[in-house]
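Student: Encoded as structure tokens, here's the structure I'll be asking about.
Computed from the coordinates by the stated procedures, all read-outs in this text should not be read as laboratory data. In this text the structure is predicted, and so the values were computed from the model without any measurement. Reconstructed Cβ throughout: ideal geometry from the backbone, glycine too, with neighbour counts over all protein chains shown.
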Amino acid sequence: MKRVNAADSTKVFEEALAAEPRSEQYHLSLFITGTTPKCARAIENIRAICEANLPGQYELEVIDIYQHPEQAQPEHIVVTPTLVKKLPLPFRRVIGDLSDSDRVLAGLDINRPPLPGKTRENKYDA
């Protein structure tokens, strides 16, 4: 029987972790007030952001606080639309119509790979 030392088994484990991308499930709640244009844009924007950056990795619950006012207080919602990321930790909030996808991704701690030929540093260079 061949003996495997601890260093070899650790290396094999670390390589296996690196080879398989980590997929975390995102639990998001979007608090809105009725069918205002701003709330409708927020719903469209967060769905597009999630499909582009978290396909199959997210649950999105849209909560109209006119219909469910009891759900706003535990989450300390004072402005709508407000997006709440419950999982993965840390807990985050993003307020507004979610039209600036870069800010939304940064606010949710979602790292998006840079576009081909671009880096994060030169993104705003002329």
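Student: Kindly rank 69-77, 44-52 from highest to lowest mean number of other beta carbons found within 10 Å of each residue. Let's see the in-between values first.
Tutor: Working: 69-77: 12.8, 44-52: 16.4.
Answer by packing, highest mean first, reads 44-52, 69-77.
Student: From the Cα gyration tensor of the stretch 35-95, with a ≥ b ≥ c the square roots of its eigenvalues, which class applies: rounded if a/c is under 1.5, or else prolate if a/b is larger than b/c, or else oblate? Mind showing how you got there, number by number?
Tutor: Values: a/c = 2.05, a/b = 1.26, b/c = 1.63.
Verdict is oblate for the stretch 35-95.
Student: State, to one decimal in nm, how far the label point of A52 lies from the label point of K38, with both points 7 Å from Cα in the Cβ direction.
Tutor: Reported label-point gap for A52 and K38 is 2.2 nm.
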